[in-house]
């Protein structure tokens, strides 16, 4: 009798714990354009699940990630400028190659912050913060990892396609061979299994998709939905966006099936703007993937930016401004829109606040801001007076509507204004030297500060 009492008491304690601590799910898409969802105005796209998140949460119209994959992921997971953790250029891709750039293990990820509070943690999808076996998700707080350690793969043979290619599908650091199986399906199946297995305890599930990133290998049933679209680029991109949305819906549906949706924080965001890398082809004979020379695997270039210009790899708005939504039905507003500036770095402190978890005592300084005031009050002001970006030799700084873009290899800069009738099209650098000087000084000061170890 005593055993039964303790058993039922324990079950009750688990249920109370589940109710007290929300689950956290981050859905991070790859190369999704600035306005590429129906709820963002791209009504030619079929994205019912992203739209559902917007209807059950808060949608942001001035959200910034970064210009390419690696720095955006570092910012998201650490709440800090990627330069602080050594993510200043492309990170190591092939786990079996010589050691290259890998995010410093001293960086504290969101997984490492939540795990001591009783969260089970998992990453299914794309890591891209350094593939070396001594680094990676399982060295940075994730209990489980299945996916790609580098930036992209062919979705069916699981080979990285740039250069001579290499296999990139792993369970932790153990290679997984599953030729012919569609990677987005494989990773989402693991995510669904994780939700089922952890429905009685709090969990942090990070689902960084490798789509709509090239190669744009959409499911055939989604290709059929766009067969009448005249623009071939938009036709291809639309199909892979709907495939991405479909898998987002799979995760949401499984949360609902398990009765977890009300008590789950879902964050949706893209890592950068859409890709215009339309010339990617196999350039060598005997490529390790088995594809012949001249095989095309590039992007269609079919993403949309609305009134903005730019794309992935630029610091123009179309490269760094991305769709972003937070949905937590039991606690946060629903169907609302916020126009304040936010960044990928902000999710770290925001999630800790919502989960009632303190930042680890040994954790480094955060650059992100807690978004709860903005989420709860539509008139709250953004904490950002300035925005800074840097990648390789390129950099950008924004203050108000002015944005200065430069390169450490070249003294020439360009100055753009977001309030122009055609935003950022004109270069104002020659006619506004005082603004150029002020913004350059802001960048130089920031660059010195984030370079400190």
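Of everything in the stretch 37-61 that's assigned to a loop (DSSP other than H, G, I, E, B) and out of contact with any helix residue (DSSP H, G or I) (no Cβ under 6 Å at 6 or more places or on another chain), which residue is farthest from residue 333 (Cα to Cα)?
Applying the filter and picking the extreme gives 44.
Select from the stretch 224-244 the residues that are more than 24 Å from the chain's Cα centre (by Cα) and either surrounded by 13 or more Cβ atoms within 10 Å (Cβ to Cβ) or not assigned by TED's automatic domain parsing to the domain that holds residue 299 (or both) and list them in ascending order.
Passing the criteria: 225, 226, 229, 231.
Here is a check on your reading of the model: is residue 278 under 18 Å from the mean Cα position of the chain (by Cα) and either over 30 Å from residue 255 (Cα atoms) or outside the structural domain of residue 256 (by TED's automatic domain parsing) (or both)?
No; evaluated as a whole, the condition is false for this residue.
Listed here are the residues, each with its yes/no results for (1) out of contact with any helix residue (DSSP H, G or I) (no Cβ under 6 Å at 6 or more places or on another chain); (2) under 30 Å from residue 62 (Cβ atoms).
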residue: 261; (1), (2): no, yes
residue: 264; (1), (2): no, yes
residue: 297; (1), (2): yes, no
residue: 308; (1), (2): no, yes
residue: 363; (1), (2): yes, yes
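Looking at the structure I just gave you, is residue 368 touching a strand residue (DSSP E or B) at 6+ places or on another chain (Cβ under 7 Å) and either assigned to a loop (DSSP other than H, G, I, E, B) or modelled with pLDDT under 95 (or both)?
Judged against the criteria, residue 368 is a match.
Which is within 22 Å of residue 25 (Cα to Cα) and assigned by TED's automatic domain parsing to the domain that holds residue 287, of 184, 175?
It is 184.
The values are calculated or read from the model by the stated rules, or taken from the named source; none is laboratory data. From a predicted model like this one, the values you see are computed outputs, not experimental measurements. Because the Cβ atoms are built from the backbone with ideal geometry, glycine has one as well, and the counts that use them run over all protein chains shown.
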